[in-house]
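**Q** Quick one: the structure is below, and I'll ask about it shortly.
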Amino acid sequence: MAVLPIITAPDPRLKVKCEPVAAVEKTIARLMDDMLETMYLAPGIGLAAPQVGVTKRVLVVDVSSKDGPREPIRMANPETVWRSDALTVYEEGCLSLPEQYAEVERPEKIRFRYLDEKGVLQEREAEGLLATCIQHEMDHLDGIIFVDHISALKRRMILRKLAKLKKHQALAAD
Ligand code: NI
């Protein structure tokens with residue numbers, strides 16, 4: 001397994017609509033493992049392939065508590081087949097928007113399908129934090145980041161802050 005560099009916003013690579021995976025072969029299974037290792041180290045609870053520069057419909061999540069056993073879910077070509085009318089609000093963050101948080105409203109429960117790391121079609125339901133996390137990661141596969149769900153004013157503020165941070169980091173690295 002390997003830790004991959006995470007792309008941070010603003011970056012055009014985070015705005016790309018990703019391609020479906022043709023088949024979950026070894027390279028995809030390895031990508032899922034690398035993404036999990038990258039996510040755990042960060043640490044985060046979800047990571048989508050475009051965040052590590054791969055424009056494929058692959059994501060990983062794990063919302064298990066710190067003290068319990070890990071509960072990773074590896075998904076290729078995930079899609080939502082049902083969303084509840086009831087909404088819920090979580091303060092979201094993103095490994096591609098370091099230290100930026102905002103409240104985002106999303107369906108509280110979802111039913112979703114995906115191919116697991118063995119290429120087997122799975123259908124599950126999720127609610128609460130897991131449902132929010134999966135919807136956040138699925139958004140990434142369509143080039144959407146969580147600040148696209150908040151007011152334009154707040155979004156611009158956050159992206160400006162991140163752009164400034166990037167500039168500073170680039171200068172520091174010179
Ligand atoms: Ni994210």
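The values are calculated or read from the model by the stated rules, or taken from the named source; none is laboratory data. Here the structure is a predicted model, which means the values were calculated and not measured. Methodologically, a virtual Cβ is constructed for each residue, glycine included, from the backbone with ideal geometry; neighbour enumeration extends over all protein chains shown. Surface accessibility is based on the protein's heavy atoms, side chains included, excluding ligands, DNA and RNA. Shrake-Rupley method; radii C 1.70, N 1.55, O 1.52, S 1.80 Å.
**Q** Using alpha-carbon positions, what is the distance between the centroids of the stretch 157-174 and the stretch 26-52, in Å?
**A** That distance is 24 Å.
**Q** Which of the residue pairs K15/K56; K15/K161; K15/K167; K15/K164; K26/K56; K66/K161 have a Cα-Cα distance greater than 22 Å in the structure shown?
**A** K66/K161
**Q** Quick one: in the chain, what % of C-alpha pairs are over 20 Å apart? Present the calculation step by step, with values, prior to reporting the outcome.
**A** Details: 7875 of 15051 pairs.
It works out to 52 percent of all Cα pairs.
**Q** Working with all protein chains in place, sort Y90, Y114 by solvent-accessible area computed with a 1.4 Å probe, largest first.
**A** Numbers: Y90 70, Y114 10 Å².
Descending accessible area places them as Y90, Y114.
**Q** About the Cα centre, and with charges only on the beta carbon of Lys, Arg (+1) and Asp, Glu (-1), how big is the dipole of the chain? Nearest 20 debye, please. Don't jump to the answer; show the numbers that get you there.
**A** Details: 25 positive and 27 negative charges, 138 e Å.
Result for the chain is approximately 660 debye, rounded to the nearest 20.
**Q** If you roll a 1.4 angstrom probe over the protein chains with everything in place, what fraction of the accessible area of the stretch 12-173 belongs to carbon and sulfur, to the nearest %?
**A** On the way: 4620 of 9070 Å².
About 51 percent, which is the carbon plus sulfur part of the accessible surface.
**Q** So, counting K/R as plus one and D/E as minus one, what does the shell of residues with Cβ under 13 Å around H149 add up to? Don't skip to the answer; put the middle values down first.
**A** On the way: positive: R106, K154, R155; negative: E91, E92, E103, E105, D139, D142, D148.
In short, -4.
**Q** Hey, what do the phi angles of the stretch 73-80 turn into as Karplus ³J(HN,Hα) couplings, whole Hz, using 6.51/-1.76/1.60 and θ = phi - 60°, x for Gly and Pro?
**A** 10, 10, 10, 10, 6, x, 8, 8
**Q** GNM on the chain, C-alpha springs below 10 Å: top fluctuator among Q100, Q135, Q122?
**A** Q122
**Q** Let me ask you something else. Using a 1.4 angstrom probe on the protein heavy atoms only, could you order Y101, Y40 from most to least accessible area?
**A** Values: Y101 130, Y40 60 Å².
Descending accessible area places them as Y101, Y40.
**Q** Can you work out the Karplus-derived ³J(HN,Hα) for every residue in the stretch 9-20? Use 6.51 cos²θ - 1.76 cosθ + 1.60 with θ = phi - 60°, whole Hz, and x for glycine or proline.
**A** Using θ = phi - 60°, the values come out as 6, x, 7, x, 5, 8, 10, 8, 7, 7, 8, x Hz.
**Q** Could you give the radius of gyration (one decimal) and Dmax (whole number) of the Cα atoms in the stretch 5-72, in Å?
**A** Values for the stretch 5-72 (Cα only, Rg and Dmax): 12.5, 37 Å.
**Q** Hey, can you find the accessible area per residue of the stretch 50-174 for me, probe 1.4 Å, expressed in square angstrom?
**A** Details: 7150 Å² over 125 residues.
On a per-residue basis, the stretch 50-174 sits at 57 Å².
**Q** Here's something else I'd like to know. Find which of I145, L162, L31 sits farthest along the positive direction of the dipole of the chain, computed with +1 on the beta-carbon of Lys and Arg, -1 on that of Asp and Glu, about the Cα centre.
**A** Final value for the positive-end residue is L162.
**Q** What do you reckon, how do H140, H149 stack up by accessible area (1.4 Å probe), largest on top? It would help to have the intermediate numbers written out before the result.
**A** Numbers: H140 0, H149 90 Å².
Output order, biggest surface exposure first: H149, H140.
**Q** For a quick check of understanding: with a 1.4 angstrom probe and all protein chains in place, what accessible area in square angstrom does S65 have, to the nearest ten?
**A** Around 80 Å² of this residue is reachable by solvent.
**Q** Counting only C-alpha contacts under 8 Å and six or more residues apart, can you give the relative contact order of the stretch 12-173 as a whole percent? Display every interim value, and only then the final one.
**A** Numbers: 281 pairs, mean separation 38.6, N = 162.
Relative contact order here is 24 percent.
**Q** Sum up the charges of everything whose Cβ sits under 15 Å from the Cβ of K167, counting Lys and Arg as +1 and Asp and Glu as -1, but leave K167 out.
**A** My count for the surroundings of K167 gives +2.
**Q** Continuing with the same structure: As a test of the formula, what do you get for the chain when each DSSP H run with n ≥ 4 contributes -39,500 (n - 2.57) and the sum is divided by the residue count, at 222 nm and rounded to the nearest 500 deg cm²/dmol?
**A** Details: 3 runs with 52 residues, N = 174.
Per the formula, -10000 deg cm²/dmol.
**Q** Please identify, among K161, K109, K17, the residue showing maximal mean-square fluctuation in a Gaussian network model of the chain using a 10 angstrom Cα cutoff.
**A** Among K161, K109, K17, the largest mean-square fluctuation in the Gaussian network model of the chain belongs to K161.
**Q** Over the Cα atoms of the stretch 34-91, what Rg and Dmax result, in angstrom?
**A** 13.1, 35
**Q** Could you run the Karplus curve 6.51 cos²θ - 1.76 cosθ + 1.60 with θ = phi - 60° over the stretch 108-118 and give me ³J(HN,Hα) per residue in whole Hz, x for Gly and Pro?
**A** Once θ is set to phi - 60°, the couplings for the stretch 108-118 become 6, 10, 9, 10, 9, 10, 6, 9, 7, 5, 9 Hz.
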